[in-house]
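J.: Next up is a structure, given as structure tokens.
The values are calculated or read from the model by the stated rules, or taken from the named source; none is laboratory data. Just so it is clear, the model here is predicted, and its values are computed rather than measured. A quick note on method: Cβ atoms are made from the backbone with ideal geometry, for glycine too, and the neighbour counts reach across all protein chains shown. Keep in mind that these areas ignore ligands, DNA and RNA; they rest on the heavy atoms of the full protein, side chains included. Shrake-Rupley method; radii C 1.70, N 1.55, O 1.52, S 1.80 Å.
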Amino acid sequence: MNQNSQKRPYRGGHTARPTTSRRPRHKGGGRSKSQGRAYIHPSKFINRATIGEAETPYEPTHRFADFPFSPKLHSNIAYKKYEVPSAIQDQAIPPILDGKDVIGLANTGTGKTAAFLLPIIEALSANKDPLSVLILAPTRELAQQIDEQFRAFSYGMKLYSTLIVGGMNMGRQISQLNRRPQVVIGTPGRTMDLIKRGVLSLDAVKVLVLDEADRMLDMGFINDIRTIASSTPAERQTLFFSATITPQIQELTREFLHSPVTVSVRTADTSERVDQDVVEASSKEEKMEKLLTMLGQDDFEKVLLFGETKYGVQRLSDSLEKSGFASVAIHGNKSQSQRQRALKAFKDNNARILVATDVAARGLDIPNVSHVINYDQPATYEDYVHRIGRTGRGNATGKALTFIERR
Ligand code: AMP
């Protein structure tokens, strides 16, 4: 049981990223240098938070007790200290329980994971067919978080899940699959590998979940997703979650879902609850000096620092270490266990500073970040909004600082 997740704040169904045009990204890895970076006018990095305490909380129409869940599932929900359903849970659980296809427009932090897991677990408690649920997520970390929640909610129910993600031992994943768990949670790349090797058959899938579908497309997984979906029976139930709705996303929903119910919990833009400002520097030395000064201040309690490349992030983390600021780093050159350790240290407040690339930080549920610092500017405004969305969660306002070159 993931005790830690019980303490995390929950954002009650807000937050959306703007629907801007996207450039395709390289699958699974960082953005290559040659792709360059879009120019973003510095004024876009300056903004006072406009959403504060005044925001009206969502009034759910259900209580958890209203959902026809088994007593064991109800007690697991209570153990996780979930008292009221979030907007996405309130609105998506009933149609999912009815077996309908659902499009959930919701971001991480809205409680979307439980929105799909709870009805799935309820259905599985009545029928424990192996390999009947496949959940696809863009990153290993997100897949891991879904798995942790699955384990917590299905505790004591004799339901099993297997995580199939890259960067982890494939042999072990194969032997876990051979034990025929009910739920497989995977990233598209590794899921494809295992299908191709003939060790994963999707013939028995009854429910297919595509979580953060927009991110999966961004990461270039479109073909894998199509192949995986077409390897599952056509009469399955499909649950499709995305924070944005672009023409490509709409096309996919038409392709994969039948008469779906759409539930949207997109309201305010994340950036409205974050105080944003720029920090000017005219040289690398001045930039580092300013960063160290900021990190030395007491209010920089929990800092997520973004760098552009894997190497840049590692160098930054090493320089901080040399200057006496312990930090942890996550990027594509780190092994899965190193990333997990780093993330855990940050979540558990054992590390005050996490240095990350965009790809490594995508989709992560990182609570209570006081400051997001863009040491390197993001490649697109959309990445910017995603980065700063790591702070200012719940009713808190966060702070985001972006380094710009003094001209
Ligand atoms: P998610 O959007 O699924 O990543 O969830 C974000 C965080 O909110 C996680 O830490 C969840 O455990 C937590 N959470 C989700 N739903 C609820 C709820 N109804 N009550 C309290 N916490 C919740």
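J.: Fully extended, how many nm does the chain gain between residue 318 and residue 337 (0.36 nm per residue separation, minus their Cα-Cα distance)?
T.: 4.9 nm
J.: Could I ask something else about it? Once both axes come from the Cα atoms, what is the angle between helix 140-153 and the longest principal axis of the chain, in degrees from 0 to 90, rounded to 10?
T.: Orientation of helix 140-153: about 50 degrees from the principal axis.
J.: Further, regarding this structure: Taking loop as defined by DSSP and a crowding limit of 10 other beta carbons within 10 Å, which GluC sites (Glu not before Pro) in the range 50-144 fit?
T.: 53, 83
J.: Still on this model: Roughly how many debye, to the nearest 20, is the charge dipole of the chain about its Cα centre, given +1 on each Lys and Arg Cβ, -1 on each Asp and Glu Cβ, and no other charges?
T.: Numbers: 56 positive and 44 negative charges, 235 e Å.
With Lys and Arg at +1 and Asp and Glu at -1, about 1140 debye.
J.: In this model, which of 80/158; 44/284; 206/334; 80/334 are farther than 24 Å apart at the alpha-carbon? Each step should come with its number before you reach the end.
T.: Details: 80/158 18 Å; 44/284 22 Å; 206/334 35 Å; 80/334 31 Å.
Where the Cα-Cα span goes over 24 Å, the pairs concerned are 206/334; 80/334.
J.: Hey, how much of the P(r) for the chain falls beyond 30 Å, as a percent of Cα pairs?
T.: Details: 32541 of 82621 pairs.
I get 39 percent for the Cα pairs in the chain exceeding 30 Å.
J.: Which length gain, in nm to one decimal place, applies between residue 47 and residue 172 when the Cα-Cα distance is subtracted from 0.36 nm times their residue separation?
T.: Difference between extended and current length: 40.2 nm.
J.: Continuing with this model, one more query. Do you know the relative contact order of the range 64-264, to the nearest whole percent, from alpha carbon pairs under 8 angstrom that are 6+ apart?
T.: 29 percent
J.: May I pose another question? Please identify every one of the GluC sites (Glu not before Pro) in the range 205-260 that sits in a loop by DSSP and has no more than 14 other beta carbons within 10 Å of its own beta carbon.
T.: Of the GluC sites (Glu not before Pro), the ones in loops of the range 205-260 whose Cβ has at most 14 other Cβ atoms within 10 Å are 235.
J.: When only the heavy atoms of the protein chains count and the probe is 1.4 Å, how do 381, 39, 160 rank by accessible area, highest first?
T.: Putting 381, 39, 160 in descending order of accessible area: 39, 160, 381.
J.: For 140, 172, write out the residues from largest to smallest accessible area, computed with a 1.4 angstrom probe and no ligands counted.
T.: 172, 140
J.: Can you tell me, using C-alpha contacts under 8 Å and at least 6 residues apart, the relative contact order of the chain as a whole percent?
T.: 23 percent
J.: So, one more: Taking amide H positions as placed in the peptide plane 1.01 Å from N, state which residues far from residue 329 in sequence (5 or more) or on other chains have amide H under 5 Å from it.
T.: The answer is 355.
J.: For n ≥ 4 DSSP H runs only, could you compute -39500 (n - 2.57) per run for the chain, divide by its residues and tell me the 222 nm figure to the nearest 500?
T.: Using -39500 (n - 2.57) per qualifying helix, the result is -10000 deg cm²/dmol.
J.: Report the gain in length on full extension from residue 246 to residue 38: 0.36 nm times residue separation, minus Cα-Cα distance, nm rounded to one decimal. All intermediate terms of the calculation are to be shown ahead of the outcome.
T.: Numbers: separation 208, 0.36 × 208 = 74.88 nm, distance 1.99 nm.
Computed gain between residue 246 and residue 38 is 72.9 nm.
J.: With all protein chains present and a 1.4 Å probe, how do 322, 347 order by accessible area, largest first?
T.: 322, 347
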